[in-house]
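The values are calculated or read from the model by the stated rules, or taken from the named source; none is laboratory data. Every value quoted in this text rests on a predicted model; they were computed, and no experiment measured them. All Cβ positions, glycine included, derive from the backbone under ideal geometry; neighbour counts span all protein chains shown. Keep in mind that these areas ignore ligands, DNA and RNA; they rest on the heavy atoms of the full protein, side chains included. Shrake-Rupley method; radii C 1.70, N 1.55, O 1.52, S 1.80 Å.
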Amino acid sequence: MLSRRGFLAGATSLGLTSGRAASTGTPGRIVVLDWALAETLIALGLAPLAVAEAPLYRQRVVEPALPPGTQDVGLRNWPNLEAIRSLRPELILTLEGYGAPPARLEAIAPVRALPLYTAERQPLHLARQAVRDLAALLDRKAQGARLLADLEQALAPVHSDAPSVLILKFADDRVIDIYGSGNLFDDVIKAKGLWNAWNGPTNIWGFASGGIEELARHPEARLLIIEPAPPAPLRESAIWRAMPQVRAGRFSILPPAWVFGGVPSAIRFSGFLEAT
């Protein structure tokens with residue numbers, strides 16, 4: 001549906017461009033309310049004017065980095081509409097079916113809402129399509145083609161002695177989120193020829209939450225733990241040391257990567273798999 005200034009110097013140093021392209025009418029002042037779309041925009045060589053929860057993006061998404069001067073416009077699920085309005089955007093990018101009602105955003109600027117997490121449960125496929133859609137909309141087809149080529153290279157099969165893996169993050173010292181069917185990283189490991197040990201139900205975002213006892217039900221799996229690392233009280237506990245994967249040293253602590261990301265996050269996570 002088609003209905004984010006002072007960072008220019010920093011954007012130029014990153015090879016990014018901003019501002020309206022007079023010859024094509026391409027929108028230049030773009031506000032992005034979803035991190036997967038923000039990272040895709042940056043990977044296409046365009047600097048967002050503002051991103052929702054920008055400080056947290058730098059911790060959880062990390063790369064591609066936000067250009068210096070990128071502004072923050074509040075929460076992803078409920079952004080600050082007045083802050084967005086004050087920036088006079090030419091385009092607002094948002095995730096279809098999530099966050100502020102499109103009608104509220106359309107009162108400020110044209111909106112493009114793209115799907116990633118849907119009932120079809122094909123986030124990697126939709127992430128590819130988001131690259132194509134944004135590249136066409138923003139006159140970045142060559143950059144989009146290169147980004148998709150980088151993805152295909154990153155998805156080359158990986159050789160591993162682990163019969164299966166579990167992808168997880170720690171919510172606290174007792175609760176974990178395990179990523180399976182319908183999640184971007186599940187799509188990535190399958191494309192690379194790995195087997196996800198988690199075959200239980202998952203929500204629309206492709207994960208299930210449970211206690212760490214879930215890990216003991218998959219003793220042969222290698223644990224791929226996305227930072228933050230297990231909390232210190234858990235690492236020092238007898239229950240953690242008794243986990244078969246821990247006893248055997250079959251676990252890896254991966255740097256932060258956005259589990260609900262787009263093509264750039266898929267490439268980043270794939271690189272981590274190559275290094276484990």
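Just to be sure, is ALA238 out of contact with any strand residue (DSSP E or B) (no Cβ under 6 Å at 6 or more places or on another chain), small (Gly, Ala, Ser) and within 18 Å of ASP172 (Cα to Cα)? Reasoning before the result, please.
Details: out of contact with any strand residue (DSSP E or B) (no Cβ under 6 Å at 6 or more places or on another chain): yes; small (Gly, Ala, Ser): yes; within 18 Å of ASP172 (Cα to Cα): yes.
Here the answer is yes, as ALA238 does meet what is asked.
Residue under question is GLY262, and the condition is that it be of a type outside the set (S, T, N, Q) and open to solvent by less than 60 Å² (accessible area, probe 1.4 Å); does it hold? Talk me through it step by step, then tell me what you get.
Details: of a type outside the set (S, T, N, Q): yes; open to solvent by less than 60 Å² (accessible area, probe 1.4 Å): yes.
Here the answer is yes, as GLY262 does meet what is asked.
Look through the stretch 217-236, keep the residues that are over 24 Å from GLN59 (Cα atoms) and at pLDDT 90 or above, and return whichever of them is most open to solvent (accessible area, probe 1.4 Å). Write out each step before concluding.
Taking the stretch 217-236 and keeping what is over 24 Å from GLN59 (Cα atoms), we get 217-222, 236.
Checking the rest, the ones that are also at pLDDT 90 or above come to 217-222.
Details: ARG217: 146, HIS218: 35, PRO219: 51, GLU220: 116, ALA221: 1, ARG222: 54 Å².
Among those residues, the one meeting the criterion is ARG217.
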